[in-house]
Amino acid sequence: MTSPQKPFNRILLTGAAGGLGQILRETLQAHAAIVRSSDISPMTPSRGAHDEVINCNLADKAGVHALAKDVDVIVHLGGISVERAFEEILEANIRGTFHVYEAARKHGIRRVVFASSNHVTGFYSQDVEVDAHAPRRPDGYYALSKSYGEDLAAFYFHRYGIETVSLRIGSSFPQPHNLRMLATWLSHADLGRLVERALLASDVGHSVIYGVSANRDRWWNNRHAEHLGFVAQDSSEAFRAQIESQPRPAADAPDSLFQGGAFTAAGPFGD
Ligand code: NAI
Ligand code: 15L
């Protein structure tokens with residue numbers, strides 16, 4: 001039963017122990033009577049019936065299916081969040097995201113908010129503007145797993161009508177760490193606004209949106225996601241002087257050349 005004040009009865013949040021999961025576990029309380037938080041890592045204990053906490057490895061199909069019981073909508077953040085060897089990415093991100101969509105299908109869940117990443121277009125030069133219709137240029141196995149996640153989202157919409165908003169998150173940290181992040185930064189408050197729109201906007205089908213604050217210099221144009229109604233309110237400008245006082249990366253360093261920065265030069269692994 002839906003709470004009269006809140007749009008959803010139960011939201012499932014994966015990756016709840018992570019940097020963004022800890023933030024969203026709080027934010028989502030405003031949108032659902034019950035937030036079910038899940039992660040493979042330990043989480044802050046439940047604070048009551050409205051705040052469920054269940055440990056689960058996304059690679060465990062039966063576990064993920066149990067997680068999705070009586071859920072209205074999934075915010076899927078869980079998985080490896082940086083570049084790693086393919087085998088690690090395979091279990092958590094590729095198999096894990098497949099399990100999330102299959103669980104959504106079996107439990108009749110109508111929408112997923114998927115934490116994709118800017119790295120699906122990481123191999124574009126920093127002097128090019130990219131939008132959601134630009135061909136992807138994944139910058140590693142991590143990015144390939146997010147690209148697969150977006151394709152999975154499109155498939156589950158066309159085949160089963162399960163809607164997804166794929167959030168190509170830039171760099172969402174309390175503050176930008178370097179020059180690149182002056183362009184890619186997404187404040188935590190703007191992340192909350194973005195997820196709110198992804199949950200509440202109607203008829204999203206499979207939508208793709210870059211998660212980026214209203215920074216002075218941006219590489220991403222959200223012209224194809226205006227229907228979501230996301231308006232960023234923060235900007236990295238407040239941090240510019242501090243960042244520009246740090247030593248700059250070389251002009252030919254990956255962090256200066258490509259939108260994906262250092263991810264474009266990670267690996268190879270296991271040689
Ligand atoms: P994080 O690494 O802090 O959190 C990810 C969480 O997923 C961790 O708590 C981890 O324990 C969990 N996890 C990993 N493998 C798992 C498995 N097999 N089963 C269950 N849980 C597992 O990452 P963060 O920064 O919170 O990011 C959240 C999501 O947003 C990730 O999917 C990440 O790829 C994506 N993202 C984040 C960005 C950022 O700037 N923070 C930028 C772009 C995308
Ligand atoms: C990501 O996809 C990562 O999850 C995050 O840790 C940051 O490195 C971010 O991209 C970024 O591009 O800065």
Worksheet item: If you project the alpha carbons of the range 88-159 onto their three principal axes, what span does each projection cover, largest first, in Å?
Response: 44, 27, 16
Response to the item:
If R0 = 30 Å, then Val82 and Phe155, at their Cβ-Cβ distance, give a FRET efficiency to the nearest 0.05 of 0.70
Item to complete: Take the alpha-carbon centre of the range 233-270, take the same for the range 105-127, and report the distance between them in whole Å.
Response: 22
Practice prompt. Report, ordered by chain and residue number, the lysines lying within cross-link reach of Lys6, taken as a straight Cα distance under 20 Å and ignoring same-chain residues fewer than 8 apart.
Written response: Lys69
Discussion item. Restricting to DSSP H runs of at least four residues, report the calculated mean residue ellipticity at 222 nm for the chain, -39500 (n - 2.57) per run over all residues, nearest 500 deg cm²/dmol.
Written reply: -8000 deg cm²/dmol
Item to complete: With both partners inside the chain, how many of the DSSP beta bridges are antiparallel, as a percent to the nearest 5?
Response: 5
Practice prompt. Grab the beta carbon distance between Asp203 and Ala66, set R0 = 22 Å, and tell me the FRET efficiency rounded to 0.05.
Written response: 0.15
Worksheet, complete the sentence: Projecting the Cα atoms of Gln242, His50, Phe155 onto the charge dipole of the chain, where Lys and Arg contribute +1 and Asp and Glu -1 at Cβ, the residue farthest towards the positive end is His50
Item to complete: Scan around Ser171 for amide H atoms under 5 Å from its own, H built in the peptide plane at 1.01 Å from N, and keep only partners 5 or more places away or cross-chain.
Response: Trp185, Leu186
Item to complete: Sticking with the crude label model, points 7 Å out along Cα→Cβ, report the distance from Gln175 to Glu26 in nm, one decimal please.
Response: 1.8
Item to complete: Determine, for Glu88, Glu163, the number of other Cβ atoms within 10 Å of each Cβ, and report the residues in order from fewest to most.
Response: Glu88, Glu163
Worksheet item: Among Asn221, His76, Thr184, which residue has its Cα positioned farthest towards the positive end of the charge dipole of the chain, with +1 placed on the Cβ of Lys and Arg, -1 on the Cβ of Asp and Glu, and the dipole taken about the Cα centre?
Response: His76
Discussion item. Only counting other Cβ atoms within 10 Å, I'd like Glu91, Glu26, Glu83 sorted with the fewest neighbours first.
Written reply: Glu26, Glu91, Glu83
Response to the item:
Fewest-first ordering of Ile34, Ile89 by Cβ atoms within 10 Å yields Ile34, Ile89
Worksheet item: Taking square-rooted eigenvalues a ≥ b ≥ c of the alpha carbon gyration tensor, is the range 39-117 rounded, prolate or oblate, where a/c under 1.5 means rounded and, failing that, a/b exceeding b/c means prolate?
Response: oblate
Discussion item. Please give the charge dipole size of the chain, origin at the Cα centre, charges +1 on K and R Cβ atoms and -1 on D and E Cβ atoms. Round to the nearest 20 debye.
Written reply: 660
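Readers should treat all values here as calculations from the given coordinates under stated rules, not as data from a laboratory. Keep in mind that this is a model prediction, so the values were computed, not measured. Every residue, glycine among them, receives a Cβ derived from its backbone with ideal geometry; neighbour counts consider all protein chains shown.
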